[in-house]
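In what follows, a structure is listed as structure tokens, so that the remarks can point back to it.
The values are calculated or read from the model by the stated rules, or taken from the named source; none is laboratory data. Note that this is a predicted model, so its numbers are computed, not measured. Cβ placement follows ideal geometry from the backbone for every residue including glycine, while neighbour counts extend to all protein chains displayed.
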Amino acid sequence: MTKKEKVELLLSKVGEEQKADFVAELREAKTKEARQELLRKYNISLSEEEKEAMKTDTNEVSDEELDVAAGGCCSSCNCSCACTIHG
């Protein structure tokens, strides 16, 4: 599972009005424990399959990837669409 797919999965489980706060807090959650606490705070539950998929790529999600997944845009193209990162 790519980093973008992970973020999109989590955002799909967060209410629309909470997405901005969730993304901001996710950026600050640097440890596994902090991310787990964030999931509890937002009442996000993952199936066993989703949990396993989340483990497949351990790279950090960049701020740009979070913005794009949250419906913003990457800073490289300066548009207002929900584009994918440079592609």
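Given the criterion in contact with a helix residue (DSSP H, G or I) (Cβ under 6 Å, 6 or more places away or on another chain) and closer than 19 Å to Ala53 by Cβ, identify the matching residue among Val7, Val23.
Val7
This table checks each residue for (1) under 17 Å from Leu11 (Cβ atoms); (2) modelled with pLDDT under 90; (3) surrounded by 10 or more Cβ atoms within 10 Å (Cβ to Cβ).
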residue	(1), (2), (3)
Asp21	yes, no, yes
Glu25	yes, no, yes
Thr31	no, no, no
Ala34	no, no, yes
Leu39	yes, no, yes
Tyr42	yes, no, yes
Glu48	no, no, no
Met54	yes, yes, yes
Asn59	no, yes, no
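Count, please, the residues in segment 6-17 that happen to be surrounded by 13 or more Cβ atoms within 10 Å (Cβ to Cβ) and either among the basic types (Lys, Arg) or free of Cβ contacts under 8 Å to residues at least 40 places away in the same chain (or both).
Counting residues in segment 6-17 that are surrounded by 13 or more Cβ atoms within 10 Å (Cβ to Cβ) and either among the basic types (Lys, Arg) or free of Cβ contacts under 8 Å to residues at least 40 places away in the same chain (or both) gives 4.
Looking only at segment 1-19, filter to residues that are modelled with pLDDT of 90 or more and of a type in the set (Lys, Arg); which one of those is farthest from Ala70 (Cα to Cα)?
Taking the candidates together, the pick is Lys13.
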